[in-house]
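Each remark here refers to the structure printed beneath this line.
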Amino acid sequence: MKTWKFISRSTNYRVTLKHGIPAEPLTGRNATPGIYAKFEDGILTTTDEEMAGMLTKHAGYGSDYLLSEDSEGKDPFLRNNIGEPDHDITEIEHGSIGKSLNPKSKIKITPETKKAIEEMANNIINRNLGGDDSDRNRSRE
């Protein structure tokens with residue numbers, strides 16, 4: 001007997017596979033029960049082949065829940081945030097900011113980079129303070 005294991009994002013997710021129809025005594029129609037699936041703790045295990053087929057054809061399959069291919073039970077919805085940087089965590093004691101729990105490492109600047117930054121800063125200062133006339137003429141054109 002084959003078992004199918006479905007895993008959902010939500011812990012108590014419910015799926016309506018076939019709507020139930022209430023009884024109508026005036027017309028003589030009996031009630032028709034619906035087919036429903038309930039995930040408990042995000043997992044639904046079934047041995048019913050018809051129900052598994054209905055679950056895989058449902059609109060929520062692939063987005064709200066998935067069929068687990070492995071028996072290890074790994075969560076397919078678990079995301080690995082590889083690119084997220086470390087957070088800067090600071091203690092707050094009695095309303096005042098305390099020390100940083102993970103201080104940022106200092107940026108190392110090579111002498112060539114430092115010299116290039118100083119040259120750029122000097123050029124900007126000269127331009128803003130009225131350096132040579134060629135800069136002024138360029139800005140007016």
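Values in this text are rule-based calculations from the coordinates and carry no lab data. Just so it is clear, the structure is predicted and the values come from calculations on it, not from any experiment. All Cβ positions, even for glycine, are placed from backbone atoms using ideal geometry, and neighbour counts span all protein chains on display.
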Checklist entry - Want the number for T90 to I35: 0.36 nm per residue separation, take away the alpha-carbon distance, what's left? => result 14.5 nm
Next on the checklist: Give me D48, D41 sorted ascending by neighbouring Cβ count inside 10 Å, so fewest comes first.
Outcome noted: D41, D48
Checklist entry - For all pairs of alpha-carbon atoms in the range 4-67, what percent lies in each bin of width 10 Å, listed from the first bin to the last filled one? => result 22, 46, 19, 12, 2
